[in-house]
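> Can you keep this structure in mind? I'll have questions shortly.
The values are calculated or read from the model by the stated rules, or taken from the named source; none is laboratory data. Small disclaimer: the values here were computed from a predicted structure and weren't measured. Here the Cβ is made from the backbone with ideal geometry for all residues, glycine too, and neighbour counts use every protein chain on show. Note: accessible area is taken over every heavy atom of the protein model, side chains too, but ligands, DNA and RNA are not part of it. Shrake-Rupley method; radii C 1.70, N 1.55, O 1.52, S 1.80 Å.
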Amino acid sequence: MAVVAPLDEEDMDPTLRDEVQFFKGPLGVIPNSVRTMAHRPEIARAFTALNIAVMTNHGAVTGEFKRLLGYVTSYVSGCRYCQAHTILGSERFGAPAERLNDVWNFADSPHFTTAEKAALAFAHAAAEVPNGVTPEIEAALRAHWSDGDIVEIMGVIALFGYLNRWNDSMGSALEDLPVDTAERLLADQTGWEIGKHG
């Protein structure tokens, strides 16, 4: 059960309500996490702006791949809410079934390039507690990605670090669309269950 109930759209600050419509594009819904942040509109507004800044593509890191990075970060952190949202976002941004089915096991998958594997390994290590980024992981990342792309990759990892803590601690209830996607794509592969997010 959620620690704080999300606000209905009609109960949000009107300006904020307009701003958070952004989430319906990538996710089909305004996430309950954002609707909970809306109890303090400046937090929801700042988070929305950060989300837009991080998830906008400026270089070689695609929207599809950013969401797969978010999935790996959330998988390591154990946040089932964010796992459902990121696998949904990956699919909506065009990830083929092979990548969706293999992302949790990216290192052994033929569906990811060497550069993508380096970035996913970095995301996996960066999400660990304590942090698992080694000089070898850093070197592999730098061998394939520009400084700007690395900043975007780290932005995704940090954004989902925030969301993983928010949603797991607040017990954010999952919306129907991400639940359906996670049950279809993750349950058999990783044992995903809705858990506290039901």
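> Tell me the angle of helix 135-144 to the major Cα principal axis of the chain, expressed in degrees between 0 and 90 and rounded to the nearest ten.
90 degrees
> Relative to the longest principal axis of the C-alpha atoms of the chain, give the angle of the C-alpha long axis of helix 147-170, reported between 0 and 90° and rounded to the nearest 10°.
50 degrees
> Among Leu185, Thr113, Ala140, whose Cα projects farthest towards the positive end of the dipole of the chain, with charges put on the beta-carbon of Lys, Arg (+1) and Asp, Glu (-1)?
About the Cα centre, the residue reaching furthest to the positive side is Ala140.
> Using only DSSP helix segments of four residues or longer, with each worth -39500 (n - 2.57), what per-residue ellipticity at 222 nm results for the chain after dividing by its residue count and rounding to 500?
Result for the chain, helices only: -19000 deg cm²/dmol.
> Take the alpha carbon gyration tensor of the range 1-61, find the square roots of its eigenvalues, order them as a ≥ b ≥ c, and report rounded if a/c is under 1.5; if not, report prolate when a/b exceeds b/c, else oblate.
Since a/c reaches 1.5 and a/b is larger than b/c, the shape of the range 1-61 is classed as prolate.
> Related question: In Å², what does the accessible area per residue of the range 97-149 work out to with a 1.4 Å probe?
Accessible area per residue, the range 97-149: 53 Å².
> Cα centroids of the range 61-103 and the range 131-198: how far apart, whole angstrom?
Between the Cα centre of the range 61-103 and that of the range 131-198, the gap is 7 Å.
> Helix 80-92 against the longest principal axis of the chain: what's the angle in degrees, Cα atoms only, rounded to the nearest 10?
Approximately 70 degrees, to the nearest 10.
> Rank these by accessible area, largest first, 1.4 Å probe: Glu19, Glu138.
Most to least solvent-accessible, the answer reads Glu138, Glu19.
> Bin all alpha-carbon pair distances of the range 100-198 at 5 Å intervals from 0 and give each bin's fraction as a whole percent.
With 5 Å bins starting at 0, P(r) equals 2, 12, 16, 20, 21, 14, 10, 4, 0.
> Under the rule a/c < 1.5 gives rounded, and otherwise a/b versus b/c splits prolate from oblate, where does the range 59-107 land using the Cα gyration tensor?
Verdict is rounded for the range 59-107.
> Here is a further query. Is there a quick way to get the dipole size of the range 126-198? I mean about its Cα centre, with the Cβ of Lys and Arg at +1 and of Asp and Glu at -1; what is the value in debye to the nearest 20?
Around 180 debye, computed over the range 126-198.
> GNM on the chain, C-alpha springs below 10 Å: top fluctuator among Asn131, Asn164, Asn32?
Per the Cα network of the chain with a 10 Å cutoff, Asn131 tops the list.
> First check a/c for the range 125-177, with a ≥ b ≥ c the square roots of the eigenvalues of its C-alpha gyration tensor; if it is under 1.5, answer rounded, and if not, answer prolate when a/b is larger than b/c or oblate otherwise.
Prolate, because a/c is 1.5 or more and a/b exceeds b/c.
> Give me the percent of the accessible area of the chain that comes from carbon and sulfur atoms, probe 1.4 Å, all protein chains in place.
56 percent
> With springs only between Cα atoms under 10 Å, which of Leu68, Leu50, Leu100 fluctuates most in a Gaussian network model of the chain?
Comparing Leu68, Leu50, Leu100 in the GNM, the peak value goes to Leu50.
> Over the Cα atoms of the chain, what Rg and Dmax result, in angstrom?
Cα only, the chain: 16.2, 50 Å (Rg, Dmax).
> What distance in nm lies between label points placed 7 Å from Cα along the C-beta direction at Asp147 and Ala60?
For the pair Asp147/Ala60, the computed spacing is 1.6 nm.
> Given bins 5 angstrom wide, list per bin the percent of all Cα-Cα distances in the range 147-198, short to long.
Per 5 Å bin, starting at zero, the Cα-Cα P(r) for the range 147-198 comes out as 5, 18, 17, 20, 19, 12, 7, 2 percent.
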